[in-house]
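Just so it is clear, none of the values below were taken in a lab; they were calculated from the coordinates. Computed from a predicted model, the values in this text were never measured in an experiment. Cβ atoms come from the backbone with ideal geometry, glycine included; neighbour counts cover every protein chain shown.
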Amino acid sequence: MSRDVHIHAVVIGRNEGSRLIDCLDALAGQADQVIYVDSGSTDGSQAAARARGAQVVELDMSKPFTAARARNTGMALAVKSETPPRYIQFLDGDCALQPGWIETAFSFLEAHPEAAVACGRRRERFPEATIYNRMIDAEWDTPVGRALACGGDALMRTQALRAVEGYNPDLIAGEEPEMCLRLRHAGWQIWRLDAEMTLHDANITRFSQWWQRARRAGYTYAEGVAMHGSAPDHHKRAELLRTVLWGIGMPLLHLAGLIISPWLLGTLLVWPLQVLRLRLRGMDWPQAIFLTLGKLPEAQGVLTYLWRRLGRRQSRIIEYKR
């Protein structure tokens, strides 16, 4: 890429193994400096990153881990370098950059000084391996144009990041939408480009992993509403309302049917009817079923957040990759 503007890449990861190697190999020659922030890996990730020329920083694991804290650590190192970057490409260690992405995103941000973030199409590397991977691949396919938020992979303007003090390090998930909300409040724009950006390897092969990922989503809905749920943002409010209705309200109504009146057990029909409604909207049967059932682990995540908040307990990451 012919340019005088410095671009750094910040990669975060923990025990990503060959996925991290693919990530770093795909970055070769794409950024002026690659910073890898490791969160307690025991698989040799640190050595693999150093062997590929990355500047490695090991996150202080005496404090609770969050991806947001790891990204902030990488950003802080980037801006303190001898040649601070105008842009930072953030990447999760299980993602590989697509050829041409940085050139595309760089050109867009240079032409649109009001834009703080450019993201593109993140795809699953093996979408047909499991139903869970296929659902995640569909989840990544958000509309092109001005957006409310981005995901973990994006090219970001350093000036904008510093203006909002980066990510909220206390969030165990959902840190990107929360930071994008603050960026928009500060007058910046978020854009999703019609371009291939990264390949992601979710590697979800078990029902328990899917459940934990959905539980984490519910947690972020509750926390998002607690932080920014009032007008005019209504951050994550619609998602939380749907989760509470289906994941808490409906089960309580079914329970009432067992205690009060068997007629209320007729409400069990809303579940297959919802699956049918989603199928008629174009989803296949497995997707429709899992999207409907997903309200149950999401509700568990909401209750987990409330339990921790009421007990003033420290937030802990909800992991699904084990």
Task: Per-residue ³J(HN,Hα) for segment 225-239, Karplus 6.51 cos²θ - 1.76 cosθ + 1.60, θ = phi - 60°, Hz, x for Gly and Pro - done: 5, 4, 8, 9, x, 7, 5, x, 6, 6, 4, 6, 5, 5, 5
Task: J(HN,Hα) series, segment 117-127, from Karplus relation 6.51 cos²θ - 1.76 cosθ + 1.60, nearest Hz, glycine and proline x - done: 9, 10, 10, x, 8, 8, 10, 6, 5, 10, x
- [ ] Could you work out the relative contact order of segment 5-94, using alpha carbon pairs under 8 angstrom and six or more residues apart, expressed as a whole percent?
- [x] 44 percent
Open item on the list: Under a crude label model (7 Å from the Cα following the beta-carbon direction), how far is GLU319 from SER18 in nanometres?
Closed with: 2.2 nm
Open item on the list: Using each residue's phi in segment 187-200, evaluate 6.51 cos²θ - 1.76 cosθ + 1.60 at θ = phi - 60° and report the 3J(HN,Hα) Karplus result to the nearest Hz, with x for Gly and Pro.
Closed with: x, 8, 10, 10, 10, 9, 8, 7, 8, 6, 10, 9, 9, 10
- [ ] Calculate the spin-label point distance for ALA231 paired with TRP285, positioning each point 7 Å from the Cα along the beta-carbon direction, and give it in nanometres.
- [x] 4.6 nm
Task: At 0.692 mPa s and 37 °C, Stokes diffusion of segment 207-322 via Kirkwood alpha-carbon radius, µm² per second - done: 213 µm²/s
Open item on the list: Using only DSSP helix segments of four residues or longer, with each worth -39500 (n - 2.57), what per-residue ellipticity at 222 nm results for the chain after dividing by its residue count and rounding to 500?
Closed with: -13500 deg cm²/dmol
Task: segment 7-205: C-alpha gyration tensor shape, a/c 1.5 cut-off, then a/b vs b/c - done: rounded
Open item on the list: Below 8 Å, C-alpha to C-alpha, sequence gap of six or more: please give me the relative contact order for the chain in percent.
Closed with: 17 percent
Task: Theoretical FRET efficiency, 1/(1+(r/R0)^6), r = Cβ-Cβ of ALA238 and ASP194, R0 25 Å, to 0.05 - done: 0.45
- [ ] Calculate, for ALA256 and LEU77, the FRET efficiency according to 1/(1 + (r/R0)^6) with r their C-beta to C-beta distance and R0 45 Å; round to the nearest 0.05.
- [x] 0.20
Open item on the list: If the reach is capped at under 22 angstrom between alpha carbons, list the lysines near LYS236, excluding any in the same chain fewer than eight residues apart.
Closed with: LYS295
TODO: Subtract the Cα-Cα distance of LEU269 and THR205 from 0.36 nm times their separation in residues, and report this length gain in nm to one decimal.
DONE: 20.1 nm
